[in-house]
Amino acid sequence: MKSYLIYSLALLPLIATAEPSIRFENGTENEKLFFEPIYNRTKQKSTSIREGFKSETEGFILGFNHLVDPKIEFGASYAYVHTDTHRVGVKDTNSIDTQRGLAYIKWEIQPELKVKTALQYGYSSYDERILLQKSDIDVFSYGADISIEKKLRLLTPEIGLKYRLYSQQSYTTSTNTFIKSKKAEFTTFRIGGTLQKETMTESGLRLIPQTKLFITYDLSADEDGVSMNLPHSIDILVNNNKRLDRQATVFSFGLTADSDGLWEYGLKYEGQWRKDYYSHYYTLSATLNF
């Protein structure tokens, strides 16, 4: 029987530095508070060498940004999500509750040239039920992210690197099967850009549409596993199974609206595509500037 190794997602969606929780764009207010409900659906096709699965994730993010000076901004966020997964052709139920804390900083080293860094810690509680067997699994995750971006009028090119370390604790199943503790590491490179333009309507409504396109590549990942990336939630490694393709294409589109300078409202879609795999992610946001 194959067993799941479940991880808290290290740094949220693959594009940008932990987007959307790092909200450095859209204004120069000294303080920002934001709340974001999130929803995700992911599917992997079954093949001769890989099990298929479906998943749904729901949760929220709560955080703040602080402008230390015109060139340095600091922020932090907390996320809670619940994910249900189901393997195709297997009578199982798998639910994961994840909590994740994130701290990040961004500074302008030259005019329009900025560096973003982030550190993350996460904890996941995983409940797996396969026929008469039940397993309760605890997993801790640690992550770091760094990226460089250069603003060129409407286009902002970016390159970045993300590192994730996962530690699954040992556990005993309800049928007294002992599973040893495990660790895994992943390093992902990304390159792409953001297209953004601010417009003002005659009624005074400020609109900020934003589009992102990135290519990511897993520089290092376990050879005998499948990593499953769910925004704000989990990565899954399936032992003795072929991992996902190293390369992914990530596209997102978002729109932010602001009418009074105090509140900002936004919505966003992000899609990730790999060979035999796709993920769709949706979020709403409300940001208070003061």
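The values are calculated or read from the model by the stated rules, or taken from the named source; none is laboratory data. Computed from a predicted structure; not experimentally measured. So basically every Cβ, Gly included, is an ideal-geometry build from the backbone, and we count neighbours across all protein chains shown. To get the accessible areas, we keep the full protein, side chains included, count just its heavy atoms, and leave off ligands, DNA and RNA. Shrake-Rupley method; radii C 1.70, N 1.55, O 1.52, S 1.80 Å.
Among the numbered conditions (1) β-branched (Val, Ile, Thr); (2) outside any loop (DSSP other than H, G, I, E, B); (3) more than 20 Å from Arg190 (Cβ to Cβ), the only one that Thr156 does not meet is (3).
Take Leu219 and decide whether it is part of a strand (DSSP E or B), open to solvent by 40 Å² or more (accessible area, probe 1.4 Å), under 28 Å from Arg153 (Cβ atoms) and at pLDDT 85 or above. Full working, then the answer.
Working: part of a strand (DSSP E or B): yes; open to solvent by 40 Å² or more (accessible area, probe 1.4 Å): yes; under 28 Å from Arg153 (Cβ atoms): no; at pLDDT 85 or above: yes.
Here the answer is no, as Leu219 does not meet what is asked.
Going by the structure shown, is Glu73 at pLDDT 50 or above and either among the hydroxyl-bearing types (Ser, Thr, Tyr) or within 21 Å of Thr98 (Cα to Cα) (or both)? Spell out the reasoning first.
Details: at pLDDT 50 or above: yes; either among the hydroxyl-bearing types (Ser, Thr, Tyr) or within 21 Å of Thr98 (Cα to Cα) (or both): no.
No; evaluated as a whole, the condition is false for this residue.
Screening the range 96-124 for residues that are open to solvent by 50 Å² or more (accessible area, probe 1.4 Å) and of a type in the set (S, T, N, Q) and picking the one that is nearest to Lys162 (Cα to Cα) gives Gln99. Considered as a group, the residues in the range 135-152 that are farther than 17 Å from Gly193 by Cα and open to solvent by 30 Å² or more (accessible area, probe 1.4 Å) include one that is modelled with the lowest pLDDT, and that residue is Asp136.
Annotation: Gly204 fulfils all but one of (1) of a type outside the set (Asp, Glu); (2) at pLDDT 80 or above; (3) more than 19 Å from Pro37 (Cβ to Cβ); (4) in a strand (DSSP E or B); the unmet one is (4).
Looking across the range 50-80, the residues that are charged (D, E, K, R), more than 23 Å from Ser125 (Cβ to Cβ) and exposed (fewer than 15 other Cβ atoms within 10 Å of the Cβ) come down to Asp69, Lys71.
Does the range 169-193 hold any residues that are more than 15 Å from Asp127 (Cα to Cα), of a type outside the set (Lys, Arg) and not in a strand (DSSP E or B), and which are they? Give the derivation first.
Step one: of the range 169-193, the residues more than 15 Å from Asp127 (Cα to Cα) are 176-178, 180-193.
Remaining after also requiring of a type outside the set (Lys, Arg): 176-178, 181, 184-189, 191-193.
Residues satisfying the conditions are Asn176, Thr177, Ser181.
Scan the range 175-207 residue by residue and report those that are surrounded by 13 or more Cβ atoms within 10 Å (Cβ to Cβ) and of a type in the set (S, T, N, Q). Listed by number, the residues that qualify are Thr187, Thr188, Thr194, Gln196.
In the range 179-204, the residues that are under 26 Å from Ala248 (Cα atoms) and of a type in the set (Asp, Glu) reach residues that are open to solvent by 60 Å² or more (accessible area, probe 1.4 Å) and modelled with pLDDT under 95 with C-beta atoms within less than 8 angstrom, at least six apart or across chains, in these pairs: Glu185/Tyr163.
Here the range 87-134 is the region considered, the condition is being closer than 24 Å to Ile38 by Cα and hydrophobic (A, V, I, L, M, F, W, C), and the residue that is modelled with the lowest pLDDT is Ile96.
Do you know which residues across the range 250-290 are of a type in the set (A, V, I, L, M), assigned to a strand (DSSP E or B) and open to solvent by 50 Å² or more (accessible area, probe 1.4 Å)? Within the range 250-290, Leu255, Leu267, Leu284 meet the criteria.
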